[in-house]
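What follows is a set of notes on a single structure, which appears directly below.
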Amino acid sequence: MPSCPSCGKSVAGDAAFCGYCGASAAAPVASDPAGAAVQRSDADYWICGSCHSENLVGDAFCQTCGLPRAAAGPPVASPPPVTAPGAVPQAGTAAGYGAELVAGGLLCASCGAGNEPDASFCYACGLPLVARTSGHTSQPFRAAPSPTSATSRSARWILIAAIVIAVAAAAVIGIILLSGRSGGDGGGDGGAGSATTLDGTSTDSSGDSGSTSTTSVPTEGNVSGDVVVARASSCLNQYQGINYVAWNLLDNNMESCWAEGADGGYGIGEKVFFKFSERMTLTRMEVMPGYKKYDAGEGIDRWYANGRLRSITITFADGSRETYPFSDSKTWQSCDFGEKTGTTLEFTIDSVYTAETGTDHDAEDTSVSEVRFYGWPASEAGE
């Protein structure tokens, strides 16, 4: 690397001026010996108060302007401001200065060239860069130019584009999630239908026992509380203060029941009708298909002293029908629908298990303790 002919400091190969003393570097100069690029430290110099040139500590006069060392010359006028952002070279374009030096060094306020962090003069145009204190600490002459209105507009367009992309991505994700739910799990829609025995009478299942979907939106829940009408084609007459109306199916009390009141037989063809407060997407109905009550005083198991559901046909709001069988066991049993949307549902007794205690307490009254409905308001899925 060549040395400045005036101060001996190392300079870039194509520098027009010395970055340390401001002298012209155009004249032929001798190269420093290998490994001797820096021959003196800042402590060997003093700075001229007039032109900010560096001089050897033994010099009595400035070697650039001739002003005596003790004199306090007039301050150097501020260099002209940067007028065009295009004058600032991009990182790595100035010979000998890479991106790191341009970002961490000093930008010339006149021509925008990047200089070494401790340079006093611009290597490209020769104007002063910094004012040095007695401790030889470099201070930038001025900050880098602020972003122009053109770059601000570019930033705004980039922000707007990012927002548009984020909204589009969210819409695509929503469509994918909704399409993943729309297929359902089939339930009883695929044929004659089936009833699945659930374990335990206190279990409040929160999902379809046959469903394999884990991405359904919205989530299935107990919607029994949304029933606003429950009525039956017939009800057993009240007896000793106990009634057998259809609302007993939704009171969360196993020891109350709906019992059909048809004349003769076990009520084959009797119906119970339900209406919801709004359009619902129903996935299943759970049923306790008999009267789950034990009369301890009389020693009577009402489950076996009355008729129990053996099979029913459900009529949905769209007019479609499915038939569901039940086992003769005191457990919650599920009628799976897949997904049926509407405000009403009705079931009809098709066949029953008859009373079988063999005592005078046997009655030809088919009784059902409870039903529960599962699904979600159709509005939650935009249906």
field: Output for region 334-352, where each listed residue is under 18 Å from Tyr291 (Cβ atoms) and surrounded by 20 or more Cβ atoms within 10 Å (Cβ to Cβ)
entry: Phe347, Ile349, Val352
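Yes/no per residue for (1) small (Gly, Ala, Ser); (2) assigned to a strand (DSSP E or B); (3) touching a helix residue (DSSP H, G or I) at 6+ places or on another chain (Cβ under 7 Å); (4) in the same structural domain as Ala230 (by TED's automatic domain parsing):
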residue: Phe274; (1), (2), (3), (4): no, yes, no, yes
residue: Met285; (1), (2), (3), (4): no, yes, no, yes
residue: Ser334; (1), (2), (3), (4): yes, yes, no, yes
residue: Glu356; (1), (2), (3), (4): no, no, yes, yes
residue: Thr359; (1), (2), (3), (4): no, no, no, yes
residue: Val371; (1), (2), (3), (4): no, yes, yes, yes
- line: Scanning region 326-347 residue by residue, those of a type outside the set (D, E, K, R) and out of contact with any Asp or Glu (no Cβ under 9 Å at 6 or more places or on another chain) turn out to be Phe326, Ser327, Ser329, Thr344, Leu345, Phe347
- request: Can you confirm whether region 309-319 contains a residue that is in contact with a strand residue (DSSP E or B) (Cβ under 6 Å, 6 or more places away or on another chain), in a strand (DSSP E or B) and modelled with pLDDT under 95?
  value: no
task: Could you please tell me which pairs satisfy a Cβ distance under 6 Å, a separation of 6+ or placement on different chains, a first residue in region 261-272 that is at positive phi, and a second residue that is outside any loop (DSSP other than H, G, I, E, B) and not basic (Lys, Arg)?
output: Gly267/Ile349; Gly267/Thr366
task: Of the numbered conditions (1) more than 39 Å from the chain's Cα centre (by Cα); (2) more than 16 Å from Leu250 (Cα to Cα), Lys292 fails exactly one; give the number of that condition.
output: (2)
field: Meets criteria (in the same structural domain as Glu255 (by TED's automatic domain parsing) and buried (at least 24 other Cβ atoms within 10 Å of the Cβ)) for Tyr324
entry: yes
- prompt: Just to be sure, is Arg279 more than 30 Å from Thr219 (Cβ to Cβ) and assigned to a strand (DSSP E or B)?
  reply: no
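The values are calculated or read from the model by the stated rules, or taken from the named source; none is laboratory data. This one's a predicted model, so the numbers in the text were calculated from it and none came from an experiment. Because the Cβ atoms are built from the backbone with ideal geometry, glycine has one as well, and the counts that use them run over all protein chains shown.
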